[in-house]
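In what follows, a structure is listed as structure tokens, so that the remarks can point back to it.
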């Protein structure tokens, strides 16, 4: 019988828990779901798992699978469940918080391991692959994701339905390691991190900062053409502002804050929305002013647990290409669709063709503000905008922002990995909290609807995604050094300098590599740094007013007249329209 991969992964998670229990009988279990590409399970033990344990656990798992043990379900009462798990504190905590209302609970047993689980599972371990899983890593994870709770050990496992699928995945992972943004950042001299002094914050080098600025320049150009106004709001504001917006109550633990000498508490900006609303609130707005687009490249800071930081992909300080669109209810659908098309076109220009969308619905009541009626209306409006325009999407339940539902955009990179980047979020709550209004056609005050919008999401994260997807071979218009001119000896330095001057006068960044090294050494170094075009010049090139070009990834060399080369480069480095 063939089982869905999620069922196989979920069942393998139980097998791994049983294997770990056999190796460490006194271990305490938290839980572990199937996830993309595999599963994980959280354990509490004084024993510290390491890579040395992986092979032992995998062998035990294979032995258990060979035993053809059955996955047996039992339906028990709350009292029976507490008796079963009396020596498992994490299961007991869950049971003590569970409001059963007479409802029975499901438990599954596999060999000597029993777990609270709704199921389903495969019928027997004989239905599971013996050679299509591999332990990837072990990491720290707080119980319930709360840093106030105990740190558990989370074992991650890659798991597939066949060995062929696992081998293909591991091969892709090897390639991903070569493309890791931190590795490329070092090789290309783009950026670095200082975990001791500023964990989760980027130290941009000249080359990396050129790309960072170019990304912002491109977005700024596109936004200005689309009618956006650009604003800038303070980086540090009084805590009372974040209390008014609701950010403090819902995400206060993620804010950076401090008390000044006058006893006031100020927060470093975790997001730009309140500042944008304060700008909208200046002066009287008319319905004729709407829709009003206020954009901000806001640098924001949010505390992320140290274990969650990951190069450019997850940082504590980053730049959002944020915007807030204020519109009427009648304009809402057009504005949502306009943003989604804007995001799609931006991604296409960077070479990302596969874009997926997810409609995120309201989180649990303790994690949101506003009435159910407002949420019903907001979710219905986004769903209608998607359906009425034939836009494909999935539902992401309970994943909305605390103030409203959202449509998140996910792009697929060249290796098939999926990344959440841009978003459009519908907010009917914060305009109410900030008492925003406009004068309608009837001469009366009306409440605007606000859309939170990000195209790339985070400049840092998108940079990381683009870097890894291209393997560092950035589009020529984004490259920090599109051209490096290499003279074959000191005699041709003056010619190399003149070429650099011609290119720079034409608006193309270039430099000459004048190091006292052999030409082949320089070419190898520049190729490792992903320099797109290396222009080699010597006696023949100087006499003929030409350059010999070596293009990244192309073995053949090309000789081009200098004037033609400059014209070609001017066109090549233009931003896409």
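Please treat every number below as a calculation from the coordinates, not as lab data. Quick caveat: nothing in here was measured; it's all calculated off a predicted structure. Glycine also receives a Cβ, built like all others from the backbone with ideal geometry; neighbour counts cover every protein chain displayed.
Using only helices, what value at 222 nm comes out for the chain when you add -39,500 (n - 2.57) per DSSP H run of length 4 or more and divide by the total residues, to the nearest 500 deg cm²/dmol? Please report the intermediate quantities before stating the final value.
On the way: 18 runs with 205 residues, N = 577.
Computed mean residue ellipticity for the chain: -11000 deg cm²/dmol.
Quick one: 452, 384, fewest Cβ neighbours within 10 Å first, how do they rank?
In order of increasing Cβ crowding within 10 Å: 384, 452.
With equal scatterers on the alpha carbons only and no solvent term, can you work out the Debye log10 of I(q)/I(0) for the stretch 270-360 at 0.21, 0.22, 0.25 1/Å?
Ignoring solvent entirely, the Cα scatterers give -1.21, -1.23, -1.26.
Send over the per residue convex hull volume for the stretch 225-284, Cα only, as a whole number of Å³.
116
Ranked by Cβ crowding within 10 angstrom, fewest neighbours first, how are 359, 312 ordered?
Listed from fewest to most nearby Cβ atoms, that is 359, 312.
Could you give the distance between the Cα centres of the stretch 250-289 and the stretch 437-492, to the whole Å?
Answer, in whole Å: 24.
Once both labels are modelled 7 Å past Cα along the beta-carbon direction, what's the residue 183-residue 372 spacing in nm?
Taking the two extended label points, one gets 5.2 nm.
For the stretch 483-572, what relative contact order do you get, as a whole percent, if you take Cα pairs closer than 8 Å and at least 6 residues apart?
Value for the stretch 483-572: 30 percent.
What percent do you get for the relative contact order of the stretch 182-470 when only Cα pairs under 8 Å and 6+ apart count?
It comes to 19 percent, rounded to a whole number.
What is the distance in Å between the Cα centroid of the stretch 92-131 and that of the stretch 415-429?
Cα centres, the stretch 92-131 to the stretch 415-429: 33 Å.
Kindly provide the pair-distance distribution of the stretch 12-171 built from C-alpha pairs, with 5 Å bins from 0 and whole-percent values in order of increasing distance.
Whole-percent P(r) values from 0 Å outward: 2, 9, 17, 21, 20, 16, 10, 4, 1, 0.
Just the number: Rg to Rh for the stretch 73-124, Cα atoms, Kirkwood Rh, two decimals. Intermediate values should be presented prior to the final figure.
On the way: Rg = 11.0 Å, Rh = 11.5 Å.
Radius of gyration over Kirkwood radius for the stretch 73-124 works out to 0.96.
I need the P(r) histogram for the chain: all alpha carbon pairs, bin width 20 Å from 0 out to the longest distance, whole percents.
Binned Cα distances yield the sequence 17, 42, 33, 8, 0.
Can you tell me, using C-alpha contacts under 8 Å and at least 6 residues apart, the relative contact order of the chain as a whole percent?
It comes to 10 percent, rounded to a whole number.
How far, in degrees from 0 to 90, does helix 206-225 lean away from the longest principal axis of the Cα atoms of the chain, to the nearest 10?
That helix lies at roughly 90 degrees to the long axis.
Looking at the square roots a ≥ b ≥ c of the eigenvalues of the Cα gyration tensor of the stretch 483-572, which shape do they give, rounded for a/c under 1.5, prolate if a/b is larger than b/c, or oblate?
Judged from the Cα gyration tensor, the stretch 483-572 comes out rounded (a/c under 1.5).
Spin-label point model (7 Å from Cα, Cβ direction): what's the residue 568 to residue 398 distance in nm?
5.8
Students often check this: by mean Cβ neighbours within 10 Å, which of 225-231, 6-12, 152-158 ranks highest, and how do the rest follow?
Working: 225-231: 13.6, 6-12: 22.1, 152-158: 20.6.
Result, highest mean Cβ count within 10 Å first: 6-12, 152-158, 225-231.
Give the separation of the Cα centroids, the stretch 1-67 to the stretch 200-216, in Å.
Between the Cα centre of the stretch 1-67 and that of the stretch 200-216, the gap is 41 Å.
Could you rank the peptides 509-516, 13-20, 130-137, 192-199 by their average count of other C-beta atoms within 10 Å per residue, with the highest value first?
Numbers: 509-516: 15.2, 13-20: 24.8, 130-137: 17.4, 192-199: 11.5.
My ranking of the peptides, most packed first, is 13-20, 130-137, 509-516, 192-199.
State, to one decimal in nm², a quarter of the convex hull surface area for the C-alpha atoms of the stretch 165-204, i.e. the direction-averaged projected area.
Taking the Cα atoms of the stretch 165-204, their convex hull projects to 3.5 nm² on average.
Taking every DSSP beta bridge with both residues inside the chain, roughly what % is antiparallel (nearest 5)?
The antiparallel fraction comes to roughly 85 percent.
By how many nm would the segment from residue 501 to residue 77 grow when fully extended, if each residue of separation counts as 0.36 nm and the alpha-carbon distance is taken off?
144.5 nm
Arrange 446, 254 by Cβ neighbour counts within 10 Å, fewest through most, would you?
254, 446
At residue 201 and residue 444, where each label point lies 7 Å from the Cα along Cα→Cβ, what is the point-to-point distance in nanometres?
Each label point lies 7 Å from its Cα, and together they span 5.0 nm.
Any idea what angle helix 459-470 forms with the longest principal axis of the chain, computed on alpha-carbon atoms, 0 to 90 degrees, nearest 10?
Result, in degrees: 80.
Answer rounded, prolate or oblate for the stretch 85-238, using the Cα gyration tensor with square roots of eigenvalues a ≥ b ≥ c: rounded when a/c is under 1.5, else prolate when a/b is larger than b/c, else oblate.
Note, shape of the stretch 85-238 comes out prolate.
Say a paramagnetic label sat at a point 7 Å from the Cα of residue 517, along Cα to Cβ; which residues of the stretch 534-577 have their backbone N under 18 Å from it?
Within reach of a label on residue 517, which here means backbone N under 18 Å from a point 7 Å along Cα→Cβ, the stretch 534-577 contributes 534-537, 550-553.
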